[in-house]
Structures are given as C-alpha cells and as structure tokens.
Amino acid sequence: MKFMRRIYDWVLSWAESPYGTVALFILAMSESIFFPVPPDVLLIALAIGMRRKALFYGLVCLGGSVAGAMLGYLIGYSAWWTSAGEYSGFALFFFQIIPGFTVERFVMIQHWYEQYNFWIIFTAGFTPIPYKIFTLTAGASAIDFTMFLIASIVSRGARFMLISALLYHFGKPINSFINRYFNLLAVVFTILLIGGFILLKFVFGH
C-alpha cells in the first residue's frame with residue numbers, strides 16, 4: 001500500500017509541472033497497458049488547476065488512452081502466444097503481476113468476447129475494471145480491431161469527457177463527488193445500459 005501511495009503521489013506531482021499535459025498523455029497511454037494508477041487522478045488535478053482547459057485535458061487523456069489501447073492490442077496479438085500456440089513467457093508474466101488474473105479467467109474473458117464483444121470493451125473502458133487486462137486480451141483473442149477501437153473511443157471518451165465536463169462546469173466542489181461516487185455511478189449506468197439492450201434483444205428476438 002505504501003508503494004502504491006508513492007506512485008499515486010508521484011502522479012499527482014505532475015500537476016504542478018509545466019509538463020503536466022505530456023505526463024497526462026503518457027500516463028493515460030501506459031495505464032491502458034500496465035500502469036496501476038488510473039489517469040483520472042492527474043486529469044482531475046490538472047482540470048481543477050486550470051478549469052478553462054478541463055475539456056482539453058479530457059481530450060488529451062482520451063488520446064493517450066486510445067493510443068495505449070491500440071498498442072496493448074498489438075502486444076497481446078503478437079506476444080501472447082508462442083509459435084506452438086501455447087502461452088508465451090510474456091503471458092505467464094502478465095498472469096503473475098495482475099492480482100487475481102489467471103489462465104482460467106483469461107479463458108472466461110475469451111468466452112465473453114464471443115458473446116458480448118463491443119459491450120465487454122465498453123464496460124472495461126467506462127468502469128473501474130482494469131482496462132489493461134482487456135486491451136491485451138482483446139489482441140490475444142484477435143477480436144475485430146475496428147470494433148475494439150470504436151468501443152475504446154466511445155467508452156474512454158465517455159468517461160474522461162464526462163469527468164472533464166463536470167469539472168469545467170462545477171469546478172473544485174464537484175471533486176469530492178467524483179472521487180466518492182463516479183465509479184459506482186459508472187458501474188450502475190453500464191449495467192442499466194447493457195441490461196436495456198439485452199432486454200430489447202430478448203423482446204424483439206422472439
């Protein structure tokens with residue numbers, strides 16, 4: 001926990017740097033592949049510090065995150081399997097460093113891709129679920145790249161631009177609300193959205 005706190009504080013320190021915008025892009029990109037701290041932390045700090053640029057920071061965060069998602073997909077696609085079709089050293093290392101992520105759960109995620117494709121990426125991109133797991137496994141599962149890219153843009157855009165818009169309109173007073181309730185509301189919204197589409201499919205599919 002102390003290690004994570006140091007990383008968290010280090011991320012926040014970039015808000016006081018003239019290179020904060022560059023750091024936000026790099027952080028958002030790396031978080032889509034391996035970095036443990038979400039880019040929301042720096043996005044919020046920068047947007048509070050310069051409210052009139054809040055939407056710009058949201059776009060920077062979106063650009064970095066989608067760039068990282070594409071890179072993560074490429075890494076998963078090219079480095080997850082050996083030529084014999086077995087898990088590579090990279091894949092086994094990834095299973096070790098991500099708590100709770102196992103071969104069995106990877107197989108489960110593959111089945112989710114087959115059933116829900118777009119909605120799995122959307123859920124991972126919009127909610128607090130570790131996005132990096134799904135960018136890499138999407139490539140490893142060779143899901144349709146165009147669909148993956150659209151889902152990433154829509155979900156990451158919805159998350160980061162919503163945070164930026166709230167900070168732009170309400171400023172610092174909305175910060176405590178975002179920190180306390182935003183992730184919960186994102187999960188509830190996603191459940192309702194997917195549930196609604198499943199209901200429509202059930203009703204009109206019979």
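None of the figures in this text is laboratory data; all of them are computed from the coordinates on show. Being a predicted model, the structure only gives us computed values, none of them experimental. Glycine gets a Cβ as well: all are built from the backbone with ideal geometry, and neighbour counts include every protein chain shown.
The single condition among (1) under 22 Å from MET108 (Cα atoms); (2) touching a residue at least 60 places away in the same chain (Cβ under 8 Å) that LEU167 does not meet is (1). A count restricted to region 46-69 and to residues that are closer than 23 Å to PHE177 by Cβ and buried (at least 20 other Cβ atoms within 10 Å of the Cβ) stands at 9. The set of residues from region 51-90 being touching a Ser or Thr at 6+ places or on another chain (Cβ under 8 Å) and outside any helix (DSSP H, G or I) comprises TRP80, TRP81, THR82, SER88. Look at region 138-156: where a residue is closer than 23 Å to GLY58 by Cβ and free of Cβ contacts under 8 Å to residues at least 60 places away in the same chain, no partner that is in a helix (DSSP H, G or I) and of a type in the set (Lys, Arg) sits 6+ places away or on another chain with Cβ atoms under 8 Å.
Test SER30 against the stated conditions and say whether it is surrounded by 18 or more Cβ atoms within 10 Å (Cβ to Cβ) and either free of Cβ contacts under 8 Å to residues at least 60 places away in the same chain or of a type in the set (Lys, Arg) (or both). Judged against the criteria, SER30 is a match.
Within region 98-124, track down each residue that is closer than 20 Å to PHE35 by Cα and touching a residue at least 60 places away in the same chain (Cβ under 8 Å). Within region 98-124, PHE122, THR123 meet the criteria.
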